[in-house]
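Here it is, the structure, as structure tokens.
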Amino acid sequence: MTTSCTGSASGKGAAAAWKPGAAGVGDRLFPGLGNGGYDVAHYGLTLHYAPETNRLKGTAVITARATQDLSRFNFDLSGLRVRLTTVQGAKAQFAREKDELLVTPANPLKDGEVFRTVVTYDGTPRTIEDDDGILEGWIETDDGSTALGQPAGSMTWFPGNHHPSDKATYDITVTVPKDEDGDPYDVVSNGELITEEDKGETVTRHWRTEEPMAAYLAHVSVGYFEVHKGWTDDDLPSFVAIDPDESEDAADVKDLVPEIVDWASERFGPYPFSSTGAVVDHLPELDYALETQTKPYFDEAPDEPLLVHELAHQWFGNSVTPRQWKDMWLNEGLATYAEWLWEEERGGEEKQGGRTTDEIFEDFYDGKDPESEGIWSFPPAAPPSAARVSDPPVYGRGAMAVHKVRRAVGDEAFFDILRTWTRQHRHGNADTDEFIALCESKSGKDLTKLFETWLFSKEKPARMR
């Protein structure tokens, strides 16, 4: 079913020979995500949210560059009612088709033209269930809400190009009324807090992300939080927000975040963003954490390995982002291996008695590690469907492939590979072929058989020491 609203129709004759941008970017696992014909540079999101009614009003100012002559283009948007769209200041036609917002500008856009689209919208933002049964999107909590976007949930609260191949900078400004006792809700988002304004009945907070970010990593949490501000040894600001219900169990998080970031910076290269932190909410029924950019989100107090994993994603996944979702193992395999390194060097939470990475590898191979169940069900670099993109092979067997590279090339070349990877693709996109090429270039070795065995083979490899 298609609904439409018509604005100015001028320029139609001139636009007739021009082409609309594609709906989707050709991702094998998520063909409906993203859109062709343009590249977004910046999102300016101004949101008004009422926790008591779960109603959202938004204005999205989207600055993009046309990558072809455009007669029409699409944004991903699920639910919400669009009230008005303008392109380059002129009223534009728009229509809805499922999770697509189709925008026809009054005048067609030339290849290379930088253009600004404004979308005004409102409604009750959706919580959606993704292909593997996990909840995402705009999720109500016991004291507010949180917005989580992997892989498609971000389109439930703002229109845009919601595929990781199109990264952009963000300004997110959220106005929330005070509660019935006159107390303000907290609003936490990506990047740095630029302004905070108390207007009596409402409070407005403006967060800015100056480094490019994939849409699925954009995040807003509304609720009551205890805020802890600190610094890493490299003078990087840290902002940790903890739900009071998790305060006791998460007491160490504010100190662990800077410690882990400093540790990871020595191994993976300079931290890629201008701030760090975490959000520890109280939403245990969610049953997952997410590496939201600069401040990973936890549904409850995290243990040490999980905190290491999500912070490692700031390098692997957030700064260096897969070009397509099939390369998810580059996120999860490398972040899982960061957990292995932490245990080997730090000995786990008790700082003693941790396994070596060789021992962890053997425990995964033998099925003794609690995270090893199901790791042989498909090759980590070839998830069979969208529903399987976050399954155990992508994590555990992905980490095993990383360990095999380390053993094949030696520690000096291995850590040089990781630091080069994060430097060469900083704030960009990359894929498996590029990772393999880098490993071979840095080591001077042909690693074809290694990667065929551990990334692409459907069978459990024979034990070889």
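The values are calculated or read from the model by the stated rules, or taken from the named source; none is laboratory data. As the structure is a prediction and not an experimental result, all values here were calculated from the model. Methodologically, a virtual Cβ is constructed for each residue, glycine included, from the backbone with ideal geometry; neighbour enumeration extends over all protein chains shown. These accessible areas exclude ligands, DNA and RNA; they are computed on the full protein's heavy atoms, side chains included. Shrake-Rupley method; radii C 1.70, N 1.55, O 1.52, S 1.80 Å.
Inspect the stretch 328-349 for any residue being part of a loop (DSSP other than H, G, I, E, B) and open to solvent by 50 Å² or more (accessible area, probe 1.4 Å) and give the result as yes or no.
Yes, the conditions are met somewhere in the stretch 328-349.
Also: Are any of the residues in the stretch 114-130 at pLDDT below 95 and part of a loop (DSSP other than H, G, I, E, B)?
Taking every residue of the stretch 114-130 in turn, at least one turns out to be at pLDDT below 95 and part of a loop (DSSP other than H, G, I, E, B).
Still on this structure, please answer the following. Could you identify the single residue in VAL261, VAL227 that is open to solvent by 10 Å² or more (accessible area, probe 1.4 Å) and among the β-branched types (Val, Ile, Thr)?
None of the others qualify; the one that does is VAL227.
Additional query: Can you pull out every residue in the stretch 291-306 that is buried (at least 23 other Cβ atoms within 10 Å of the Cβ) and touching a Pro at 6+ places or on another chain (Cβ under 8 Å)?
Listed by number, the list holds a single entry, ASP299.
All but one of (1) touching a Lys or Arg at 6+ places or on another chain (Cβ under 7 Å); (2) at pLDDT below 95; (3) open to solvent by 60 Å² or more (accessible area, probe 1.4 Å) hold for SER8, so report the exception by its number.
(3)
Being surrounded by 18 or more Cβ atoms within 10 Å (Cβ to Cβ) and hydroxyl-bearing (Ser, Thr, Tyr) is the filter; apply it to the stretch 47-89 and report the residue that is nearest to GLY21 (Cα to Cα).
SER71
Name the one entry in GLU211, GLU201, GLU140, GLU197 that is touching a residue at least 60 places away in the same chain (Cβ under 8 Å) and surrounded by fewer than 17 Cβ atoms within 10 Å (Cβ to Cβ).
The conditions single out GLU140.
If you check ASP235, ASP249, which single one turns out to be at positive phi and open to solvent by 60 Å² or more (accessible area, probe 1.4 Å)?
Every option except ASP235 fails the conditions.
May I pose another question? For the stretch 98-110, state whether one or more residues are among the basic types (Lys, Arg), modelled with pLDDT of 95 or more and buried (at least 16 other Cβ atoms within 10 Å of the Cβ).
The answer is no; no qualifying residue exists.
Can you find a residue that is of a type in the set (S, T, N, Q), within 24 Å of ALA152 (Cβ to Cβ) and at pLDDT 95 or above anywhere in the stretch 275-288?
no
Residues are listed down the side, and each one gets a yes or a no for (1) without any contact (Cβ under 8 Å) to a residue 40 or more places away in the chain; (2) in contact with a helix residue (DSSP H, G or I) (Cβ under 6 Å, 6 or more places away or on another chain); (3) among the β-branched types (Val, Ile, Thr):
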{"site": "PHE73", "(1), (2), (3)": "no, no, no"}
{"site": "ASP76", "(1), (2), (3)": "no, yes, no"}
{"site": "ARG83", "(1), (2), (3)": "yes, no, no"}
{"site": "ALA95", "(1), (2), (3)": "no, no, no"}
{"site": "ASP99", "(1), (2), (3)": "no, no, no"}
{"site": "PRO108", "(1), (2), (3)": "no, yes, no"}
{"site": "ASP131", "(1), (2), (3)": "no, yes, no"}
{"site": "MET155", "(1), (2), (3)": "no, no, no"}
{"site": "PHE158", "(1), (2), (3)": "no, no, no"}
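Filter the stretch 167-181 down to the residues that are outside any strand (DSSP E or B), in contact with an Asp or Glu (Cβ under 9 Å, 6 or more places away or on another chain) and open to solvent by 40 Å² or more (accessible area, probe 1.4 Å), then identify the one that is farthest from THR209 (Cα to Cα).
GLU180
Restricting attention to the stretch 167-187, which residues are over 17 Å from LEU45 (Cα atoms) and in contact with a strand residue (DSSP E or B) (Cβ under 9 Å, 6 or more places away or on another chain)?
PRO177, LYS178, PRO184, TYR185, ASP186
If you scan the stretch 18-46, which residues turn out to be closer than 30 Å to SER385 by Cβ, out of contact with any Phe, Trp or Tyr (no Cβ under 9 Å at 6 or more places or on another chain), in a strand (DSSP E or B) and open to solvent by 10 Å² or more (accessible area, probe 1.4 Å)?
If the condition is that a residue be closer than 30 Å to SER385 by Cβ, out of contact with any Phe, Trp or Tyr (no Cβ under 9 Å at 6 or more places or on another chain), in a strand (DSSP E or B) and open to solvent by 10 Å² or more (accessible area, probe 1.4 Å), then ALA23, ASP39 are the ones that fit.
Suppose we keep only residues that are among the acidic types (Asp, Glu) and either open to solvent by 60 Å² or more (accessible area, probe 1.4 Å) or at pLDDT below 95 (or both) within the stretch 350-365. Which one would you say is farthest from GLY24 (Cα to Cα)?
GLU350
Matching residues to (1) in contact with a helix residue (DSSP H, G or I) (Cβ under 8 Å, 6 or more places away or on another chain); (2) under 24 Å from TYR288 (Cβ atoms); (3) among the aromatic types (Phe, Trp, Tyr):
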position	(1), (2), (3)
ALA386	yes, yes, no
VAL389	yes, yes, no
MET400	yes, yes, no
GLU412	no, no, no
LYS445	yes, no, no
TRP454	yes, no, yes
GLU459	no, no, no
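Same structure again: Scanning the stretch 49-98 for residues that are of a type in the set (Gly, Ala, Ser) and out of contact with any strand residue (DSSP E or B) (no Cβ under 7 Å at 6 or more places or on another chain), which turns out farthest from ASP186 (Cα to Cα)?
Taking the candidates together, the pick is ALA90.
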